[in-house]
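> This is the structure, below, for whatever I ask next.
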Amino acid sequence: MADKDDGLPDEDVKQNDKHNWGAADLEKVVNVVEEEKDDLRMSSDALGKIIANPQQPRQKIVNIKKDDLEMIMNELELPKSVVEKKLIEVNGDPIAAIKSFIGFDV
């Protein structure tokens, strides 16, 4: 009878081991699914930020000569901000800016 008592706990241990393996496998699957959900959440957050804050088009860099700016301001009696905007539109070309101001668009 002592053998039967010793045998039962061994079977219980084997069943517990099988149960633990299943639990470990299930835990691995759950971890993978959670990681995928986190990745998906991060991706959707990133997309949300891009949609909410679209990148502004970068302003082009235009070299404007101070002499050109002052000459157009003085000759056409225009404010500095208006002349600067027009020179930026025509890529810093003072002749094209003057033509545009007087109505001869290039």
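Each value in this text was obtained by applying a stated rule to the coordinates, not by laboratory testing. Predicted, not measured: the structure shown is a model, and the values here were computed from it. Cβ sites come from the backbone with ideal geometry, for glycine too, and all protein chains shown count toward neighbours.
> Is there a residue being of a type in the set (D, E, K, R), surrounded by 15 or more Cβ atoms within 10 Å (Cβ to Cβ) and touching a residue at least 12 places away in the same chain (Cβ under 8 Å) anywhere in region 80-91? Show your work before the answer.
Here is the first cut: in region 80-91, the ones of a type in the set (D, E, K, R) are 80, 84-86, 89.
Going one step further and asking which of them are surrounded by 15 or more Cβ atoms within 10 Å (Cβ to Cβ), we end up with 84, 86.
Cutting the leftovers down to touching a residue at least 12 places away in the same chain (Cβ under 8 Å) gives us 84, 86.
Checking region 80-91: at least one residue is of a type in the set (D, E, K, R), surrounded by 15 or more Cβ atoms within 10 Å (Cβ to Cβ) and touching a residue at least 12 places away in the same chain (Cβ under 8 Å).
> For region 38-79, give me the residue count where each residue is of a type in the set (A, V, I, L, M, F, W, C), surrounded by 11 or more Cβ atoms within 10 Å (Cβ to Cβ) and not in a loop (DSSP other than H, G, I, E, B). Spell out how you get there, then give the answer.
If we filter region 38-79 for residues that are of a type in the set (A, V, I, L, M, F, W, C), which is where we start, we get 40, 42, 46-47, 50-52, 61-62, 64, 69, 71-73, 76, 78.
Of the ones still in play, those that are also surrounded by 11 or more Cβ atoms within 10 Å (Cβ to Cβ) are 62, 64, 69, 71-73, 76, 78.
When the remaining residues are screened for being not in a loop (DSSP other than H, G, I, E, B), the result is 69, 71-73, 76.
Matching residues across region 38-79 total 5.
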